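Have a look at the structure below, then the notes.
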Amino acid sequence: MTTLAQWLTAETDDTALRSVVVSMAGASAELADVLRVAPIAGQTGLAGHTNVQGEAQKALDVISNDVVLKHLQANTAVSVLISEELDDAVQFENQGAFIVATDPLDGSSNLDVNVTVGTIFSVLPSAGGLLQKGRAQRAAGFVAYGPATSLVLRIAGAVSVFTLDDKGEWVQVVVAAKVPETTGEFAINTARERFWDAATLGYVKESVAGETGPAGKRYNMRWVGSMVADILRILMRGGIFLYPLDSETVSKGGRLRLLYEANPMAWLIEGAGGLSTTGRQGILDVEPTGIHQRVPVILGSAEEVRRVETWYAKG
Ligand code: P6P
């Protein structure tokens, strides 16, 4: 079996870039140990304050951010940390070659009911500054803390998946993930239907009509409420994930964050043959205006994303 270290050596000659991925993998392995026993330690509750997003922070949001911060500030290849849990970017003393943008614990509202949560990260060249398009990414990945602890990673080529073994080693289990071109599964929070735009309404109604409507095939729906869980499923068996702009989120630009949710996930999905869009443009082409900027997110199986784009093109 190929280990993460062996894969990294084969994937890039950039030892600094390899070290950044190793630091994020190390932070995630440490977090996996913390999460596994969190209910016993009484750590699944609220931290008692809110983050820059105005969201109530869980104790584990703060702990996760601290673990990532510890691993990255010890790595001279990292110049800056951008985190969902921190109002401002953290400038390290090192003039490292890379910036890391992360959601240290995505889906943490699921912690108290033991549903998969994750760590999402994006690696950008320091030379490009804090606000770079997603296409500038040098690496992206996420860890899903589920029945198994899975690391999904892309540097230059294929999207690879690793599982954390009982000795703390990341072992490759998928060499090149491929998002199937077609799907019969969509992921959207249908409780938000009354806020949806015409394109989203049209697409979902067409899908729900299944074989009786223009889609001509049966669809099923999945919505975990934890992006890492939905995206890992889509990477493995296809599907489409939608958190579109709606009448309630339009004032903020969307629900999910560009730098540390949309961009890394889009980079991974596209690296595995899928597509990603805001509905109006490719996610990886969005020019960032702020480190916590929100965007609409539609990504997954290419044929399905194209169907959504067709609905948006109707105006
Ligand atoms: P909703 C978790 O809070 C998150 O950022 C993503 O992981 C998830 O896909 C989404 O929000 C869930 O949003 O509105 O269904 O709670």
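Kindly provide the set of residues from region 24-60 that are within 30 Å of Gly157 (Cα to Cα) and touching a residue at least 60 places away in the same chain (Cβ under 8 Å), ordered by number.
Met24, Ala25, Ala27, Ser28, Ala29, Leu31, Ala32
Scan region 226-245 residue by residue and report those that are farther than 19 Å from Arg154 by Cβ and not polar (S, T, N, Q).
Of everything in region 226-245, those that are farther than 19 Å from Arg154 by Cβ and not polar (S, T, N, Q) turn out to be Ile240, Leu242, Tyr243, Pro244, Leu245.
Restricting the search to region 50-71, which residues are part of a helix (DSSP H, G or I) and open to solvent by 20 Å² or more (accessible area, probe 1.4 Å)?
Ala59, Val62, Ile63, Asp66, Leu69, Lys70, His71 - these are the residues of region 50-71 that are part of a helix (DSSP H, G or I) and open to solvent by 20 Å² or more (accessible area, probe 1.4 Å).
For region 206-224, state whether one or more residues are of a type in the set (D, E, K, R), in a helix (DSSP H, G or I) and surrounded by 14 or more Cβ atoms within 10 Å (Cβ to Cβ).
yes
What is the number of the single condition among (1) on the phi > 0 side of the Ramachandran plot; (2) assigned to a loop (DSSP other than H, G, I, E, B) that Glu85 does not meet?
For Glu85, the exception is condition (1).
Go through (1) within 16 Å of the ligand (Cβ to nearest atom); (2) of a type in the set (A, V, I, L, M, F, W, C); (3) farther than 19 Å from Asn65 by Cα and name the single condition Ala136 misses.
(1)
Which count do you get for residues in region 231-240 that are of a type outside the set (A, V, I, L, M) and open to solvent by less than 20 Å² (accessible area, probe 1.4 Å)?
2
Are there any pairs, at least 6 apart or on different chains, whose C-beta atoms fall under 7 Å, with the first in region 191-220 and closer than 18 Å to Glu303 by Cβ and the second surrounded by 14 or more Cβ atoms within 10 Å (Cβ to Cβ) and β-branched (Val, Ile, Thr), and if so, which?
Pairs that qualify, where the first residue is closer than 18 Å to Glu303 by Cβ and the partner is surrounded by 14 or more Cβ atoms within 10 Å (Cβ to Cβ) and β-branched (Val, Ile, Thr), are Ala199/Val308; Tyr203/Val308; Val204/Ile188; Tyr219/Val208.
What number of residues within region 148-174 are outside any strand (DSSP E or B), under 20 Å from Ala10 (Cα atoms) and modelled with pLDDT of 95 or more?
3
Checking the condition among the polar types (S, T, N, Q) and more than 16 Å from the ligand (Cβ to nearest atom), which residue from Ser226, Ser207 passes?
Ser207
Return yes or no: is Leu284 surrounded by fewer than 20 Cβ atoms within 10 Å (Cβ to Cβ), touching a Lys or Arg at 6+ places or on another chain (Cβ under 8 Å) and either more than 25 Å from Ala158 (Cα to Cα) or at pLDDT 95 or above (or both)?
yes
Between a residue in region 72-88 that is loosely packed, with under 15 Cβ neighbours inside 10 Å and any residue that is part of a helix (DSSP H, G or I), which pairs come within a Cβ distance under 9 Å, given they are 6 or more apart or on different chains?
Short answer, once both residue conditions are applied: Ala74/Ser23; Thr76/Ala16; Thr76/Ser19.
Considering only region 175-184, I want to know if a residue exists there that is of a type in the set (Asp, Glu), open to solvent by 50 Å² or more (accessible area, probe 1.4 Å) and either in a strand (DSSP E or B) or within 26 Å of Gly273 (Cα to Cα) (or both).
yes
Could you list all residues from region 22-49 that are open to solvent by 40 Å² or more (accessible area, probe 1.4 Å) and outside any helix (DSSP H, G or I)?
Val37, Gly42, Gln43, Leu46, Gly48, His49
Counting only residues that are small (Gly, Ala, Ser) and touching a Pro at 6+ places or on another chain (Cβ under 7 Å), which one in region 234-254 is farthest from Met221 (Cα to Cα)?
Gly254
Look through region 241-268, keep the residues that are more than 13 Å from the ligand (Cβ to nearest atom) and within 19 Å of Lys178 (Cα to Cα), and return whichever of them is most open to solvent (accessible area, probe 1.4 Å).
Trp267
Of the residues that make up region 188-195, is at least one open to solvent by less than 50 Å² (accessible area, probe 1.4 Å), within 14 Å of the ligand (Cβ to nearest atom), in a loop (DSSP other than H, G, I, E, B) and hydrophobic (A, V, I, L, M, F, W, C)?
yes
Of all the residues that make up region 159-168, how many are open to solvent by 40 Å² or more (accessible area, probe 1.4 Å) and in contact with a helix residue (DSSP H, G or I) (Cβ under 8 Å, 6 or more places away or on another chain)?
1
Among residues belonging to region 96-124 that are more than 13 Å from the ligand (Cβ to nearest atom) and in a loop (DSSP other than H, G, I, E, B), point out the one that is most open to solvent (accessible area, probe 1.4 Å).
Asn114
The values are calculated or read from the model by the stated rules, or taken from the named source; none is laboratory data. Everything numeric here is computed off the predicted structure, so don't read it as measured data. Cβ atoms come from the backbone with ideal geometry, glycine included; neighbour counts cover every protein chain shown. Accessible surface is based on the protein model in full, side chains and every heavy atom, while ligands, DNA and RNA are left aside. Shrake-Rupley method; radii C 1.70, N 1.55, O 1.52, S 1.80 Å.
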